[in-house]
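Presented below is the structure to which this report refers.
The values are calculated or read from the model by the stated rules, or taken from the named source; none is laboratory data. None of these values were measured; they are calculated from a predicted model. Neighbour counts run over all protein chains shown; Cβ positions are idealised from the backbone, glycine included.
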Amino acid sequence: MNGTLAAALGVLATLVASATAAQPFATPPPVAAPRPVVIAAPVVQTLGNGLRVIVAQRKGTPLVTALLVVRSGTEADPAALSGLADLTATLLTKGTATLSAPQIAEAAEALGGMLESGAGWDRSYVSITVTRPQLARALELVAEVTRRPRFAGAELERARKLAIDGLAVALAQPGTLSQLAATRAAFGASTYGHPAHGTPASLARMRRADVVLLHARLYRPDNAALIFVGDIDPADARALAQATFGRWPRPAASRPPSAVTAAAPVVRAPVAIAMTGAGQAGVAFAAPTIARSAPDYYPGVVANTLLGAGYSSRLNQEIRIKRGLSYGVGSAVDARRDGGVFRVSAQTKNESAPEVVRVMLDEIARVAAAPAAVDELEARKLAIIGAVSRRFETTEDLAGTIASLEANGVDVAELTRAIGRIAAVTPADVQTFAKAHWPVSALQIVVAGEAAQFVDALRVAHPDVVLIPQKDIDLERAALSRGAK
Amino acid sequence: MFARLLVALLLVAGGAVSAAPAAPPKLDVPPLEFRERVLGNGLRVVTLEDHASPTVSVQVWYDVGGKDDPAGRSGFAHLFEHLMFKSTRYLKPEQFDRMTEDVGGMNNASTGDDTTNYFEVVPSNHLERLLWAEAERLSNLNVDDAAFRSERSVVQEEYRERVLASPYGRLHEALARRSYTEHPYRRGVIGNIDELNAASLDDVRAFHRTYYRPDNAILIVTGDFDQKEVDAWIDRYFDPIPRPPMAIPRVTVVEPPRVRAAHFRETGPNVPLPAVAITWLAPSARSADAPALQVAAALLGNGESARMNQALVYRAQIAQSASFDVDLRVDNGLLIASAIAARRSTPATLARALRKEIDRLAQSPVPAAELAKVKTQLLTHALIERQTPLGKGMALGDAIVSLGDARRVNEELAQLQAVTAADVQRVLRTYVLDAPEVTIEYTQQAAAASGKDGTKP
C-alpha cells in the first residue's frame, strides 16, 4: 500500500517536473564536424559554330534542365523601345516555321515540361525541365524556337496586349512602382534606367521589323551557351547539342558590341508618388553600383548580406524585428556585365514610410561608418554561403546560376571558387566597399502610396520632395513625370 | 507566412489542343523510402535518409491551422506561428535564426487552413541542435509582451501587403468568406486588423497549451544523417515531453451542401483590370474523387496549353490570365475558376467563358493524348519537387496532413496515373455541373469610396 502510494507519488512528481522542464538540457548540444559542400566545375565544350555547351552532371534524379542563354538582353533595347528584348524572347515560343503557338505549348507540356522564354539584363533565354527520356525531343523544341521563330503579326499583337495589361497590374502595386521609378530616376537616360518589361508607350511603338532585327543581331551561336544540368554526361550532351544546334549558322559579321551607356551621376530630389487608396507605401532606394567584373564584387556581396539580404540582415533587424514596420525589407547589389544597381526596398503602412526611409538611410551609412564585428560578419558570410549552396540543389536553380555567370562573362568554374571568396572577405573589406560605393547622397529615394499620410512628415527631413500623382508617372522620363523636362 | 493560400489563384495558366504527339516513354517516380514510428507521447516521427548533399531538413507539422482560430481571433494561428520564433525557456528571441541562417541554413514556417509547419535546412552537422531546439519550442514557449506586440505589427503589415496593397488581394481574401457559410474555413488564415489587435499574450499561452503537444505534431527529418544516430537524438529530446491529459479540441462543423447559387460584387481602390472567381465546394482531400479532380484541374489550368488559357487568353483574348485550381483540404475544399480580364472585357463575359470550358470538358470526348499530357506533367512536377531534402519532407508532410497517411505519398502518383476520362467527367458533373456556384465579380470601386481602409472582412 505504502509502496504503491510512494510509486504513485513518484510518477506524479515526475509528471509535474517534466511539465515545467521537459527539456533534458538547458543549452543546445554541440555541433558535429562539418561535411563541406563539394561542387564540381561544369564541363565546357564548344561546337564548331561557336556555341558553348556547358554540362553540370548530377546523378540521382532522372531530370534534366536544358537552358539556352543568349548573352544579350534588356540592355540591348533601343532607346525608344524599352522591353523589346523581353517581347522578342516571349515571341520565340509563339510560333515557328513549322509549329503554331498552341502546338509548341502542347508539345512541350506533353513532354512534362514547360517551355519558358524571357529576357533580363545581359541575357535572353529559353529553358525546359523534363525527365531524361524526354530530353532529346525537348531539346528539338528549344532549338526550333530559338532558331526559327516566325514572329507572326497576330502573335505580336497578342503579346503586346498581354504585356500592356500585365504592366497595368504590376504598376498598381506600390512596391513595384516605387522600385521602377527609383531605378529610372537614379540612372536617368542611361541604359540601366529603363524598365525591362517596357512601358505602355514603348510597347505600342514596337513593330515586327524591330523584333526580327533584334533576333537577327543577337541570337547567334557565338553569342550563346547551351546549359545542361542533371542526369546527363558531357558526351551525350555534346551529341544532343550537335544534333539540334550544330547547324545553327554563325554570321560572318562580328558580334555587336555592348550598347550599355554609363549612368550619369545626377542627384535628384526624393520623389513621392500619390496612389489613391494604396493599402501600403512602397519605399525604394536605387543607385548605380559596381559591375560583376569589379575586383570588390565579393566584398559587395558580403556588405549587401550584412545590410539587407536574409532574415537577420541589419535592415530586417531594425525595421521588421525591432520596430514591426514591415513584413520584409531587403537590399541587392545587382552587379551586371557593364555596371550595376544597388537597391533597397520595403512596404510599410503609409504613415510609417518616413520612419522606414530614415532607418534605411541610417543603416546604409552605418556600414560605411564602422567595421562590422567579426562575429556578426562571420554569421552573415555563412548565411550567404548557405544561400549560394542551396542554389546548387535543383537542376533549375543550378542552370540559372550558370546562366548568370555566362551572361556576366564570368568563367563558370567560379562556381567552385565562390564560397572561398566569400569566406575571405574581412570587416575592413566591407567597410571599404560601403565607403566607396554607398554614399547616402547618391541614393534616389522614392515613396509610392497614399501620399497624404506621409508626405508632410517626409518633408521634415527632405524638404525638397517632389510629389507626383500616379496618373502622371511616365517611366520613359528620368524626371518621371509627364510634362516635366 | 500563410503562403500556400495565395500561390494558386489567378496565375497565368495553360490550355489544350487536339494535335496528338505520340505517347511519351513511361517513367516511374521512385518511391520515397521513409521510416515511420510513434513515440510513447504520441509524436509521429518520419525519417528519410538521403546523402545527395551534406544538408538535412527538419520539419515539425502541427495539426492546427486557421480553421482552429479562437472565436473573435481570426488570424490567430498564423500570428502564433510567427511567435514560435521568439523566446522559450532556453532560447532567446530569434535564436532559431542564429542556429540556422547564421550557420549557412535557413528556416521558415507557414500556416494553412488545416496545418502549421515549421521547417529548417541546415548543414547536417547541426542536426542534433535543431532537434533540441524544435523540442524546446514545443515544450517551453515563453514570449514576452514587447516581442508579441512587435510581431503582431509585422503580421498586420503582412495583411496589408497581401490583402490591401496587392491589386487582387481583396479578391483572394473574399474567396473563403463568400464560399463557405458555416465552416470556420470561411474566416481565412490571414484574419483582419481588428481581430489581430484583440489578441493577447494569454491567448498565446492558451493556444500553445492546447495545440502544441507531441500527440498533435509530426516530426519529419530528411537528408544527410545516420539512422541510428537520429533515432537516438529524437528519443533523447522528444521522448521526455509529456502528453497532456486533456483532449485536443477539433473542428466538427460540417459545411452544409450549397442549396443555391450566389453572386457577389467586391471592389478595391486600385483594380487595374476587372476579375472574376467562381467557386464550388470540393470533397475532402481524402475523398476517392480527389485524384480525378486534380487531373480535371490540370486539364483546365496546368500550363500554357491548358484549356482555360487557350480558350480565354489565347483564342478569345478576353483574359489576361485564366486558371482553374483545386484547393483540397481536410474538410470540404474549393474548386476555383478565375480570370483577370483583358481590356474591355467584363466579369460576366469571363464567367461565361470559364463555365463553357468546364462544360466542354465534362461533356465532350477527352483526347487520350491530352490526358497523357497532364499525367506526364504531374509526374514530372513531383520529381522536380522531390529533388531536395526539404521537398521530400514537404511531400511527406502533405501526405500525412492532407491524406491522413505518409504512405499515401507513394500511392498518390499511381492514383493520378490511373484516372480515366470518364472519371474526370463524372467528378465534374458531380461537383461542378450539378452543384450551385458562388460567383465573385471584382472591380474598381467608385471614386468617392476610395481611400477607405477596408480592413473589415
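Residues that are in contact (Cβ under 8 Å) with a residue 24 or more places away in the chain and more than 16 Å from A:His194 (Cβ to Cβ) within segment A:464-484 comprise A:Asp464, A:Val465, A:Val466, A:Leu467, A:Ile468, A:Pro469, A:Gln470, listed in sequence order. Once segment A:418-464 is narrowed to residues that are away from chain B (no Cβ under 14 Å), small (Gly, Ala, Ser) and farther than 17 Å from A:Lys381 by Cα, the residue that is surrounded by the fewest Cβ atoms within 10 Å (Cβ to Cβ) is A:Ser441. For segment A:130-214, the helices (runs of 4 or more DSSP H) that sit wholly inside it and include 2 or more residues that are of a type in the set (Lys, Arg) and within 14 Å of chain B (Cβ to nearest Cβ) are A:153-170. Annotation: of all residues in segment A:275-291 being under 27 Å from A:Ser190 (Cβ atoms) and out of contact with any Asp or Glu (no Cβ under 7 Å at 6 or more places or on another chain), the one that is nearest to the other protein chains (Cβ to nearest Cβ) is A:Gly282. Taking segment A:323-342 as the range and being surrounded by 20 or more Cβ atoms within 10 Å (Cβ to Cβ) and over 18 Å from A:Ser258 (Cα atoms) as the test, the residues that pass are A:Gly324, A:Leu325, A:Ser326, A:Tyr327, A:Val329, A:Ser331, A:Val333, A:Phe342. Within segment A:228-247, the only residue that satisfies the criterion of being outside any loop (DSSP other than H, G, I, E, B), more than 19 Å from A:Ile128 (Cβ to Cβ) and of a type outside the set (A, V, I, L, M) is A:Pro234.
The rows are residues; the columns are (1) over 30 Å from A:Pro36 (Cα atoms); (2) touching a residue at least 12 places away in the same chain (Cβ under 8 Å).
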{"residue": "B:Val121", "(1), (2)": "no, yes"}
{"residue": "B:Trp132", "(1), (2)": "no, yes"}
{"residue": "B:Asp145", "(1), (2)": "yes, yes"}
{"residue": "B:Val155", "(1), (2)": "yes, yes"}
{"residue": "B:Tyr159", "(1), (2)": "yes, yes"}
{"residue": "B:Ser166", "(1), (2)": "yes, no"}
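Once segment A:81-97 is narrowed to residues that are more than 12 Å from chain B (Cβ to nearest Cβ) and outside any helix (DSSP H, G or I), the residue that is surrounded by the fewest Cβ atoms within 10 Å (Cβ to Cβ) is A:Ala97. Scanning segment B:63-70 turns up one or more residues that are of a type in the set (A, V, I, L, M), under 29 Å from B:Gly333 (Cβ atoms) and at pLDDT 95 or above. Taken together, the residues in segment B:347-391 that are more than 11 Å from every other protein chain (Cβ to nearest Cβ), of a type in the set (Val, Ile, Thr) and part of a helix (DSSP H, G or I) amount to 2.
Given the conditions (1) on the phi < 0 side of the Ramachandran plot; (2) of a type outside the set (S, T, N, Q); (3) surrounded by fewer than 21 Cβ atoms within 10 Å (Cβ to Cβ), and given that A:Gly188 satisfies all but one, which numbered condition is not satisfied? With respect to (1) on the phi < 0 side of the Ramachandran plot; (2) of a type outside the set (S, T, N, Q); (3) surrounded by fewer than 21 Cβ atoms within 10 Å (Cβ to Cβ), A:Gly188 is out only on (1). The strands (runs of 3 or more DSSP E) found entirely in segment A:248-341 that carry 1 or more residues being among the aromatic types (Phe, Trp, Tyr) and modelled with pLDDT of 95 or more are A:281-289. So for segment A:113-123 (the condition being in a loop (DSSP other than H, G, I, E, B) and more than 9 Å from chain B (Cβ to nearest Cβ)), does at least one residue qualify? Checking segment A:113-123: at least one residue is in a loop (DSSP other than H, G, I, E, B) and more than 9 Å from chain B (Cβ to nearest Cβ).
Given the criterion under 28 Å from B:Ser284 (Cβ atoms) and surrounded by 21 or more Cβ atoms within 10 Å (Cβ to Cβ), identify the matching residue among B:Glu266, B:Glu255, B:Glu173, B:Glu182. Answer to the check: B:Glu173. Within segment B:105-148, restricting attention to residues that are under 21 Å from B:Ala206 (Cα atoms) and in contact with a Gly (Cβ under 8 Å, 6 or more places away or on another chain), the residue that is nearest to the other protein chains (Cβ to nearest Cβ) is B:Thr111. Taking the listed residues A:Val271, A:Val229, A:Val260, the one that is within 14 Å of chain B (Cβ to nearest Cβ), at negative phi and β-branched (Val, Ile, Thr) is A:Val229, with no other qualifying. Checking each residue in segment A:356-386 for being small (Gly, Ala, Ser), part of a helix (DSSP H, G or I) and surrounded by 15 or more Cβ atoms within 10 Å (Cβ to Cβ) picks out A:Ala368, A:Ala379, A:Ala383, A:Gly386.
Residues in segment B:325-364 that are free of Cβ contacts under 8 Å to residues at least 60 places away in the same chain and among the acidic types (Asp, Glu): B:Glu357 alone. Scanning segment A:312-321 for residues that are of a type outside the set (Val, Ile, Thr) and more than 7 Å from chain B (Cβ to nearest Cβ) returns A:Ser313, A:Arg314, A:Leu315, A:Asn316, A:Gln317, A:Glu318. Of B:Gly223, B:Gly188, all but one fail to be surrounded by 16 or more Cβ atoms within 10 Å (Cβ to Cβ) and within 14 Å of chain A (Cβ to nearest Cβ); the exception is B:Gly223. Every condition in (1) over 30 Å from A:Leu458 (Cβ atoms); (2) assigned to a helix (DSSP H, G or I) is met by A:Val410 except one, and the failing one is (2).
Taking residues in segment A:356-384 that are farther than 15 Å from A:Ala346 by Cα and more than 10 Å from chain B (Cβ to nearest Cβ), and partners anywhere that are charged (D, E, K, R) and surrounded by fewer than 17 Cβ atoms within 10 Å (Cβ to Cβ), the pairs with Cβ atoms closer than 8 Å and at least 6 places apart or on different chains are A:Ala368/A:Lys435. Answer with yes or no whether B:Thr100 is more than 8 Å from every other protein chain (Cβ to nearest Cβ) and free of Cβ contacts under 8 Å to residues at least 40 places away in the same chain. For B:Thr100, the condition - more than 8 Å from every other protein chain (Cβ to nearest Cβ) and free of Cβ contacts under 8 Å to residues at least 40 places away in the same chain - is met. Against the test of being touching a Gly at 6+ places or on another chain (Cβ under 7 Å) and closer than 23 Å to B:Arg329 by Cβ, the options B:Arg243, B:Arg250, B:Arg286, B:Arg258 yield a single qualifying residue, B:Arg286. Yes or no: A:Thr61 surrounded by fewer than 23 Cβ atoms within 10 Å (Cβ to Cβ), out of contact with any His (no Cβ under 9 Å at 6 or more places or on another chain), among the hydroxyl-bearing types (Ser, Thr, Tyr) and over 21 Å from A:Ala241 (Cβ atoms)? In short, yes.
Going through segment B:317-334 one residue at a time, which ones are away from chain A (no Cβ under 11 Å) and farther than 19 Å from B:Tyr168 by Cβ? Residues satisfying the conditions are B:Val326, B:Leu328, B:Arg329, B:Val330, B:Asp331, B:Asn332, B:Gly333. Contact map, segment A:75-99: first residue over 12 Å from A:Gly198 (Cα atoms), second residue basic (Lys, Arg), Cβ cut-off under 6 Å, separation 6 or more or different chains; pairs are A:Gly95/A:Arg150; A:Thr96/A:Arg148; A:Thr96/A:Arg150; A:Ala97/A:Arg148. Evaluating B:Asp405 against the criteria (1) touching a residue at least 12 places away in the same chain (Cβ under 8 Å); (2) not in a helix (DSSP H, G or I) leaves one unmet condition, (1). In segment A:29-54, the residues that are away from chain B (no Cβ under 14 Å) form Cβ pairs under 8 Å with partners that are among the hydroxyl-bearing types (Ser, Thr, Tyr), at six or more places apart or across chains, as follows: A:Ala41/A:Thr416; A:Arg52/A:Thr46; A:Val53/A:Thr46.
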